[in-house]
Amino acid sequence: MRVLHCRQSERIWGPERQIISLAERLPSFGIELELVMFRRYGLTQTPHPLVEHLRTIGCVAHEVDAGPRHIPAVIKFMRSRLRQCDILHTHEFKSNILGYIANRLYRRPWVATDHYLAKDDICMRFFGLVDSWSLKRVDAIVTPSAGQSLQLPHDVDADRIHVIHHSINAIDFSDGASQSRVSLRRRYGVQGNQPLISVVGRLEPIKGHHDLLFTAKQLLAERPDLRFWMIGDGHLADWLQLQSGDLGLSHAVQFLGYQEDVASLIAASDIIVLPSYYESFGMVLIEAMSLAKPVIASAVGGIPEVISDGVHGYLFAPGDRQELGRLITRLADHPQQAKALGLAGQKHVRQAFPVDSMVDSMASLYRQMVFPGSARSHVEDHDPAWISASS
């Protein structure tokens, strides 16, 4: 069986890491993954890091220009690849729309993973309407959380919705934190005894970085030893840095930009904060928890499915800067409590979000799409007869 994944993005974020996990593990189920990456209009960087990574592990990965004038060629190319594949799997509004058009010729079973689409302007609201129209026509919709499934159009049949949580290989991620905590902190001027609070993610309005900046301003008046890292890039990068300077935070808040070695930076931090106004899952949370870091996150979208408040981390209402500051202070003032919370989160992640579970669920879904009525057990998915029949 061969599954054609289609995706548009600029970097390797949470969804891309899930695709990598699938590409690495699906072959044991007799399933091959092929990728078509749409190069975002206006970007010249090539190859995309996801394409580069998949090629190193032996996957077929293509990268195509997807600007307006290239659309007919993109659809033609997708049709040529669908002819060689058994399933189409799309990942965001652009691949959903192009997938719908391209798939009308061969009518392959179609799976779409629904990631949150921020409708910040008129253009994105229009794309959101078109995306909703296309999602009503897919054979199966995968959401990374039950919370995200509530964002789907109301008239999508419930039996087409499949909640498959994002996952992590906790041991591999921990082993990936290869850089020294001490040297990393020293590189950015953080002293050994200074509590370091980090936020990892795209610098976009929905991520709530501005709330953390104002919270930092209040906290530093009482705890001038606190330090903050903003890890990631995005449209608000320049504005947030200007705002940080206007608030007098340049000595305490550092913008590290996009970093590939996120594991080492999380390991060098003491507290991980996710102050988003919406998250379909919150991949960075399970990454931080796998490293036994205490986490504080807004109670939105799929986050309450990842964290039980007061057990695996702390939750607060989005935009509540006072509560965010109180929780940061609690963990900074009580390192033993922070450590216990981190260890509880680590145990929870290893039990609740193992990568094999995600891959097993996705393989079972693919099997259901090609062989309707087939069983959904891990053992049967590895049955040699099925592997032989699907190859």
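Based on the mean of other Cβ atoms within 10 Å per residue, sort peptides 316-323, 282-289, 301-308 so the most packed one is first.
Numbers: 316-323: 15.6, 282-289: 27.5, 301-308: 21.6.
With the highest mean Cβ count within 10 Å placed first, the list reads 282-289, 301-308, 316-323.
For a quick check: sort Cys6, Cys85, Cys59, Cys123 by the number of other beta carbons within 10 angstrom, fewest at the front.
By the 10 Å Cβ count, ascending: Cys123, Cys85, Cys59, Cys6.
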- Message: Quick check: the distance between the Cα centres of the stretch 99-114 and the stretch 1-52, to the nearest angstrom?
- Response: 17 Å
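Tally Lys and Arg at +1 and Asp and Glu at -1 over the other residues with C-beta under 15 Å from the C-beta of Asp238: what net charge comes out?
Details: positive: Arg202; negative: Glu204, Asp233, Asp246.
Counting the neighbours of Asp238, the net charge comes to -2.
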- Item | Contour minus Cα-Cα distance for His251 and Ala340 (0.36 nm per residue) | 29.0 nm
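Using the number of other C-beta atoms within 10 angstrom as an exposure proxy, rank His209, His235, His115 with the fewest first.
On the way: His209 27, His235 12, His115 20.
Sorted ascending by nearby Cβ count, the order is His235, His115, His209.
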- Message: Between helix 355-370 and the chain, what is the angle of the helix's C-alpha long axis to the longest principal axis, kept within 0 to 90° and rounded to the nearest 10?
- Response: 20 degrees
- Run the quick spin-label model on Tyr277 and Ser180: label points 7 Å from Cα toward the beta carbon, then report their separation in nm to one decimal. 4.3 nm
- Looking only at lysines whose Cα falls under 19 Å of Lys339's and that sit 8 or more positions away or on another chain, we get Lys293, Lys347
- Note on the structure: Summing +1 per Lys or Arg and -1 per Asp or Glu among the other residues with Cβ less than 12 Å from Gly302's Cβ gives -3
- Task: Arrange Val349, Val74 by Cβ neighbour counts within 10 Å, fewest through most, would you?
- Result: Val74, Val349
- Could you work out how far the C-alpha centroid of the stretch 265-293 sits from that of the stretch 215-236, in angstrom? 15 Å
- Note on the structure: For semi-axes √(5λ) of the Cα gyration tensor in Å the list reads [x] 91, 25, 15; [y] 47, 24, 18; [z] 38, 23, 19; the calculated value is entry [z]
- Obtain the nm distance between the two label points defined at Arg330 and Leu129 by a simple spin-label model: each point lies 7 Å from its Cα along the Cα-to-C-beta direction. 4.4 nm
- Item | Computed over the stretch 170-352: relative contact order in percent, which uses C-alpha pairs under 8 Å that are six or more apart | 24 percent
- Measure nothing fancy, just the Cα-based angle from helix 122-135's long axis to the longest principal axis of the chain, in degrees from 0 to 90, nearest 10. 40 degrees
- Query: In degrees between 0 and 90, to the nearest 10, how far off the longest principal axis of the chain does helix 335-352 point, with axes built from Cα atoms?
  - Reply: 10 degrees
- All lysines inside 26 Å of Lys94 as judged from Cα atoms, apart from same-chain residues fewer than 8 positions distant: Lys76, Lys119, Lys136, Lys207
- Message: Restricting to Cα atoms and excluding each atom paired with itself, what does the Kirkwood estimate give for the stretch 170-352 in Å?
- Response: 16.1 Å
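None of the figures in this text is laboratory data; all of them are computed from the coordinates on show. What you are looking at is a predicted structure, and each value in this text was computed from that prediction instead of being measured. Quick reminder, even Gly has a Cβ in these numbers, built from the backbone with ideal geometry, and neighbours come from all protein chains shown.
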